[in-house]
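No lab work stands behind these numbers, since they all come straight from the coordinates. All values reported here derive from a predicted model rather than from experimental measurement. A quick note on method: Cβ atoms are made from the backbone with ideal geometry, for glycine too, and the neighbour counts reach across all protein chains shown.
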Amino acid sequence: MAFVVAEPCVKCKYTDCVDVCPVECFFEGENMLVISPDECIDCGACVPECPAEAIFDEDEVPEQWEEYIELNARLAEEWVDSPITEKKDALPDADEWKDVESKRQHLSETPA
């Protein structure tokens, strides 16, 4: 199993999770991060570090965000040239977007 970054990350892109990851499984898009299921070692270190509470075990992704399981796998492959291994500043308006619901339409599939 792997961990999955879900919708709460959209338009926030906090990178605290990347800083504690022992492997290079995070990939960076324009306005969110994803986890490669092929690289994730299922350690869970990233989960408590996410200010947006956007990271879930693949088996525990809330029903409304199940599409993010496939989305993480696909975008990690597409963003293979955009790995992120160190913490960066969140998006400028991340705190304003953190608690916004239904952000799927704002997801950019463009790599960072």
Item to check | Residue count, segment 70-106 (criterion: farther than 19 Å from C21 by Cα and either in a helix (DSSP H, G or I) or touching a Leu at 6+ places or on another chain (Cβ under 8 Å) (or both)) | outcome: 11
Item to check | Residue pairs meeting the criteria (Cβ under 8 Å; at least 6 apart or on separate chains; first on the phi > 0 side of the Ramachandran plot, in segment 36-62; second of a type outside the set (S, T, N, Q)) | outcome: D42/M1; D42/A2; D42/F3; D42/D57; G44/F3; G44/D57; E53/P8
Next on the checklist: Among the residues of segment 30-37, are any more than 17 Å from L75 (Cα to Cα), out of contact with any His (no Cβ under 9 Å at 6 or more places or on another chain) and in a loop (DSSP other than H, G, I, E, B)?
Outcome noted: no
Next on the checklist: Just checking, does segment 41-49 include any residue being closer than 16 Å to K11 by Cα and surrounded by 12 or more Cβ atoms within 10 Å (Cβ to Cβ)?
Outcome noted: no
Checklist entry - When the residues of segment 63-99 are filtered to those that are β-branched (V, I, T) and farther than 12 Å from M32 by Cα, which remaining residue is nearest to the chain's Cα centre (by Cα)? => result I69
